[in-house]
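What follows is a short report on a single structure.
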Amino acid sequence: MPVNRLKTFFSFILTIFLCQLPTSIAFASENAAVLYSKALKQYRQGDFTSAKQSLLNTINKEPISPETLALSYFHLAETSFQLKEYNEANQYAQQSVIYFKDAPKKLAGAYELLGKINFYQKTYEQAEQAFILNLHHHPQPTSKHFMFLAKTYIKGKKLDQAIDTLDQAIAQFGDLQAFHDKALSLEIKLYKYQNAMDRVEYLIAQGLRPIHNLIKLGELHHHRGNIDEARQSFNKAKSLFNNLPPSKRKSPYMKELFKTIQSRMELASY
């Protein structure tokens, strides 16, 4: 074959190859995206075993975009967590932390998941660090993120840190009764009765669940041996209860609350 014709032939073959190359890459990339979408569908349907396999297939597919790879590792951690495969979930979550380093909200989500995994593994020190980093990186943390950390401190027997975390949430999000209740129970457990009384008196002054909190105040006075003050608090709680509309007093919760008032008054009478 003449040299010119040979050059023309190879040039033609090269042109065809180059034209086909982008199509091949796009097709391969689409396959990774399709596998990822399939995995998410399986996850939402609760088929975690199939979802995990699809995600493993996704991360092994070439080429794959950095975003799809990062999300695949995150969902692998979620899926393994659901399957109670905590060691694998931990490894995948740590991998997603690396991939999400430039995406603050996703990074915060990865730390939250890592915290939950360690919490269930009872490795509370690691869970604490993960939840602290979750709060640090989250653009808009919510009260639940503080509660995650507080509960982890409690499990790790760091009750003072738990109270501080609960109070940080209260300072940021307002008077959350559940947070006050948990902090109050911890203060009582630590025999910090004055702190507990200050908290309850503050809640009563704010008009927050006054009957409930007057009972708490009476209990605290009783713990400290202030029997007269305890009776006064219980009597105030009873008076507020009796002033409620009859329809409210008839609810199961309020009936139980009244029984509590009666039992506390009997206790304070001795």
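The values are calculated or read from the model by the stated rules, or taken from the named source; none is laboratory data. This structure is a prediction, so every number in the text was calculated from the model and none was measured. Every residue, glycine as well, gets a Cβ built from its backbone with ideal geometry; the counts of neighbours run over all protein chains shown. For the accessible areas, the whole protein counts, side chains as well, though only heavy atoms, and no ligand, DNA or RNA atoms are used. Shrake-Rupley method; radii C 1.70, N 1.55, O 1.52, S 1.80 Å.
Would you mind telling me which residue in 86, 253, 124 has the biggest mean-square fluctuation in a Gaussian network model of the chain, where springs connect alpha carbons within a distance under 10 angstrom?
253
Calculate, for residue 267 and residue 164, the FRET efficiency according to 1/(1 + (r/R0)^6) with r their C-beta to C-beta distance and R0 35 Å; round to the nearest 0.05. It would help to have the intermediate numbers written out before the result.
Working: r = 32 Å, r/R0 = 0.92.
In this case the efficiency is close to 0.60.
Give me the extension gain from residue 249 to residue 126: residue separation times 0.36 nm, minus the current Cα-Cα distance, reported in nm with one decimal.
Values: separation 123, 0.36 × 123 = 44.28 nm, distance 4.69 nm.
Length gained between residue 249 and residue 126: 39.6 nm.
Could you identify which residue out of 65, 247, 143 has the top mean-square fluctuation in a GNM of the chain using Cα springs shorter than 10 Å?
Looking only at 65, 247, 143, the largest GNM fluctuation is found for 247.
Roughly to the nearest percent, how much of the accessible area of the chain is carbon and sulfur, given a 1.4 Å probe?
Working: 8790 of 15830 Å².
About 55 percent, which is the carbon plus sulfur part of the accessible surface.
How long is segment 215-270 along each principal axis, judged by its Cα atoms, biggest number first, in Å?
36, 16, 16
One quarter of the convex hull surface, Cα atoms only: what value does that give for the chain in nm²? Each step should come with its number before you reach the end.
Values: hull surface 86.8 nm².
So the mean shadow area of the Cα hull is 21.7 nm².
Just the number please: accessible area per residue for segment 214-270, 1.4 Å probe, all protein chains included, in Å².
Details: 3650 Å² over 57 residues.
With the other protein chains kept in place, segment 214-270 gives 64 Å² per residue.
Once you've got the Cα coordinates, tell me which of 144/238; 38/116; 61/151; 144/192; 52/182; 61/106 are over 31 Å apart.
On the way: 144/238 34 Å; 38/116 25 Å; 61/151 40 Å; 144/192 25 Å; 52/182 37 Å; 61/106 23 Å.
Beyond 31 Å between Cα atoms: 144/238; 61/151; 52/182.
So, in Å, what gap is there between the alpha-carbon centers of segment 180-194 and segment 55-88?
With segment 180-194 and segment 55-88 each reduced to a Cα centre, they are spaced 42 Å.
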